[in-house]
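In what follows, a single structure is set out as structure tokens and then discussed.
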Amino acid sequence: MLAYTPHKPAIHYLNPVAWVVTELCDGSSGSQIYAMFEQLNKGRISEPELKEAFESAMDQLVRGGLVTTNRPARP
């Protein structure tokens, strides 16, 4: 999936996990978004792998300016 950020002109290439996380970002809290992500992937991968995939996707989205959170972005 490709996403464009007009405020900071760039095209972002999202992997499937980042794409799903983007779709779940509807103004809910991070824990609510993670709970929805967890439900979608229940039984597919282990909890540590699931958490790592989610955090990696969120980092990609925040760094790219595609979503915002209340936590500071990682450098």
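Quick notes on this one:
- Theoretical FRET efficiency, 1/(1+(r/R0)^6), r = Cβ-Cβ of T69 and R44, R0 25 Å, to 0.05: 0.50
- When Kirkwood radius over Cα pairs in Å is calculated for this entry, the matching label among [x] 12.8; [y] 13.7; [z] 12.4 is [x].
- Label-point separation in nm, E23 to I11, each point 7 Å along Cα→Cβ: 2.2
- In the chain, the portion of solvent-accessible area held by carbon and sulfur atoms comes to 57 percent [1.4 Å probe, whole percent, DNA, RNA and ligands not counted].
- Degrees, to the nearest 10: 30-40 long Cα axis against longest axis of the chain: 60
- Surface analysis of the chain yields an accessible area of 70 Å² per residue, using protein heavy atoms and a 1.4 Å probe.
The values are calculated or read from the model by the stated rules, or taken from the named source; none is laboratory data. A quick note: this is a predicted structure, and the numbers were derived from the prediction, not measured. Glycine gets a Cβ as well: all are built from the backbone with ideal geometry, and neighbour counts include every protein chain shown. With ligands, DNA and RNA removed, areas are computed over all heavy atoms of the protein, side chains included. Shrake-Rupley method; radii C 1.70, N 1.55, O 1.52, S 1.80 Å.
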